[in-house]
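Rule-based calculations on the coordinates, nothing more; no lab input. Computed from a predicted structure; not experimentally measured. A quick note on method: Cβ atoms are made from the backbone with ideal geometry, for glycine too, and the neighbour counts reach across all protein chains shown.
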Amino acid sequence: MTDQPYGNVPLFRDLSADRFEDQEATELESMCMNCHEDGTTKLLLTKIPFFKDVIISSFDCRHCGYKNNEVQPGGAIQDKGIKYTVEIKTEKDMSRQVVKSDSASVVFPELDFEIPANSQKGVFTTIEGLMSRAVEGLEQDQPLRRIQHPEMATKIDEFIQKLSSLKPPFTVVLDDPTGNSFIENPVAPAVDPAMTVQTYKRTPELDQQLGIVPSTYEEPSGAAGSNQNNADDSKDAEQTEGAAVSKDEVLTFQVNCSNCNSPTESRMKVVDIPFFKEIILMALNCEHCGCKSNEVKSGSGVEPKGKKITLRITDPSDLNRDILKSETCGFRIPELEFEYYMSSDVGKFTTVEGMINSIKENFNLGQPFTSGDSAREERKMKVKEFTDKLDQILASKIQVTIILDDPAGNSYLQNLYAPEPDPEMTIEEYERTEEQNEELGLNDMRTENY
């Protein structure tokens, strides 16, 4: 093992030629799978920009000379899965960049063909590259099949020809239960008319496939043990209910920083928003890497109807309005053709000005193909034009409309004229669609225990 401690530095660090000495590799003795003698494995924890944390392992056997290199995912699984449906209409769409994790599946509905999850390693490629890799995988064992199973080999050859000659228009569906995959939006920051993005709550079966134990999982210890567990849970619930959290009390929890994974503290407080409801405000300030974040959770569950709030920004004072955007809320600026997808961000309690600043600061993180050396110049120009317009909004040089669309009904925008109606703001309630209920997990209400 390395003698140098990690100290107050991120566990997963960016690769850098300028600071190569900071890249600490852990060495350990492990058995060689070729000669069964002791060899040396080196582990390096690093980051792939705009993708995920990875663990690079390198094995070297000094006895037989066997070597092996592997890359394993080290990043966190997201709270929800994600599903991209893209209509490939032109040859240019074939060049859309794709980040596909090893847990993602890819479906081509027109050919009734699926690339199953965990059949390929995580990859950074294009739509055309996904098809080329699928063709290579099908062709890999064809020489042996032509000898042992000639009829099957002939059918596979015919299908390879169909896949290789597939031309637009066709559809690609990428489904990743870990939420770590991404498909490029070529018209960013505008909404992509050819792509739909859905987030969904994972089933207990998917959680188990990913190695996540569901919170309702019970050990098979018999009826007596189950009854005892239920009794203990009821007792804990009664104690928790009796020890109600005061609105003046700030609770502290030990967590790991989402940026550097170092141990730190997260603080939680119940806040009562006038003319709205109670919310739970959580804040984190990592002393190791300086990362700061705040997150808002609703304290009253999902509302019976969705809520759409529209505000016309006509005065600099409108930028100081308090805004609560829940994690289920979409955020739009129609004049800029900009939209946050549902669940594309955590809940925020800030101001209109703070929300726009947050969009400006985090835009490149949400659209990773718009920056860096590999980004096209026209794409960079679009991003610059978009951020310049955001600056003009903040300087009150242009008037725009912001729309909060929350199917859960848990978002809020301050009414400066309360309790009287606000002339610049409208609030509409609406019935949720089946798709929205599914994304909120409302269609998953079951009585059985998993």
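For the range 47-151, which trypsin sites (Lys or Arg not before Pro) are both in a DSSP coil and crowded by at most 15 other Cβ atoms within 10 Å? Provide the component values of the computation, followed by the final result.
Numbers: sites: Lys47, Lys52, Arg62, Lys67, Lys80, Lys83, Lys89, Lys92, Arg96, Lys100, Lys121, Arg133, Arg145, Arg146; in loops: Arg62, Lys80, Lys89, Arg96, Lys121.
Taking the range 47-151 and a limit of 15 other Cβ atoms within 10 Å, the loop trypsin sites (Lys or Arg not before Pro) found are Arg62, Lys89, Lys121.
Read phi for every residue in the range 76-84 and hand back ³J(HN,Hα) as whole Hz from Karplus 6.51 cos²θ - 1.76 cosθ + 1.60, θ = phi - 60°, with x for Gly and Pro.
3J(HN,Hα) across the range 76-84, in whole Hz: 7, 7, 5, 5, 10, x, 9, 9, 9.
When the Karplus curve 6.51 cos²θ - 1.76 cosθ + 1.60 is applied with θ = phi - 60°, which whole-Hz ³J(HN,Hα) does each residue of the range 316-327 get, with x for Gly and Pro?
So the Karplus estimates, Gly and Pro as x, are x, 5, 5, 6, 8, 5, 5, 9, 10, 10, 6, 5 Hz.
Can you list residues from other chains, or at least 5 along the same chain, whose modelled amide H is less than 5 Å from the amide H of Cys257?
For Cys257, whose amide H was placed from the backbone, the distant partners under 5 Å are Ser262, Thr264.
Multiply the residue gap between Ala25 and Asn357 by 0.36 nm, knock off their C-alpha separation, and tell me the result in nm, one decimal place. The partial results should precede the final answer.
On the way: separation 332, 0.36 × 332 = 119.52 nm, distance 3.78 nm.
Length gained, Ala25 through Asn357: 115.7 nm.
Could you go through the range 332-337 in sequence order and give the Karplus-derived ³J(HN,Hα) for each residue, using 6.51 cos²θ - 1.76 cosθ + 1.60 with θ = phi - 60°, rounded to whole Hz, and x for Gly and Pro?
After applying 6.51 cos²θ - 1.76 cosθ + 1.60, I find 10, 10, x, 5, 9, 6 Hz.
Hey, how many Å between the Cα centroid of the range 177-208 and the Cα centroid of the range 114-153?
24
Could you list which residues have their amide H under 5 Å from that of Phe113, counting only those 5 or more apart in sequence or on another chain, with H placed in the peptide plane?
Under 5 Å from the amide H of Phe113 lie the amide H atoms of Phe108, each far enough along the sequence or on another chain.
Once fully extended, how much extra length lies between Glu377 and Val187, figured as 0.36 nm per residue of separation less the alpha-carbon to alpha-carbon distance? Please report the intermediate quantities before stating the final value.
Working: separation 190, 0.36 × 190 = 68.40 nm, distance 1.32 nm.
Using 0.36 nm per residue and subtracting the Cα-Cα distance, I get 67.1 nm.
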